[in-house]
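Chemist: The structure under discussion is supplied below as structure tokens; questions concerning it will follow.
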Amino acid sequence: MERFFETLGEKPEKAAYKIDEIKKAIQYGAVETLILSKDLDKKISQELKKSAEEISSNVEIVSSDTDEGKQFKNLSGMGAILRFKIE
């Protein structure tokens, strides 16, 4: 979580948190780590997780019990740290 927020703040081109951006990044094989909130819709969560695992991404599931977890859930409940910048 901390790494995701750091990347988003310092190198926003290497982070994604909107579903379309994340799906595009997965298609390009650019997702190093996919982070999903436990509270995210199960269907979306499973779809993204399966796609990310197919390109050997790390997948982390986070709780919304912490302040960071709540902030992440409110952002979109999904995020990706990218291996490289995509256009």
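Every read-out reported here was derived from the displayed coordinates using simple, explicitly stated rules and does not represent laboratory data. Quick caveat, the model's predicted, so the values are computed rather than measured. Counting neighbours? That spans all protein chains shown, and the Cβs are built from the backbone with ideal geometry, glycine included.
Chemist: So what's the back-of-envelope 222 nm ellipticity for the chain, counting only DSSP H runs of four-plus at -39500 (n - 2.57) apiece and dividing by all residues, rounded to 500?
Modeler: Value at 222 nm, helices only: -13500 deg cm²/dmol.
Chemist: Which percent, nearest 5, of DSSP beta bridges in segment 2-82 are antiparallel?
Modeler: Taking every DSSP beta bridge within segment 2-82, about 60 percent pair in antiparallel fashion.
Chemist: Let me ask another. What is the distance in Å between the Cα centres of segment 46-83 and segment 2-40?
Modeler: 8 Å
Chemist: Students often get this wrong, so check it: of 43/85; 18/85; 14/50; 18/38, which have C-alpha atoms separated by over 19 Å?
Modeler: 43/85; 14/50
Chemist: Okay, next question. How long are the three semi-axes of the equivalent ellipsoid for the chain, computed from the Cα gyration tensor as the root of 5 times each eigenvalue, in whole Å, largest first? Could you put the intermediate results ahead of the total?
Modeler: Numbers: eigenvalues 66, 49, 19 Å².
They are 18, 16, 10 Å, listed largest first.
Chemist: Then there's this: Using Cβ counts within 10 Å as a stand-in for footprinting exposure, how do 61, 55, 81 rank, fewest first?
Modeler: 61, 55, 81
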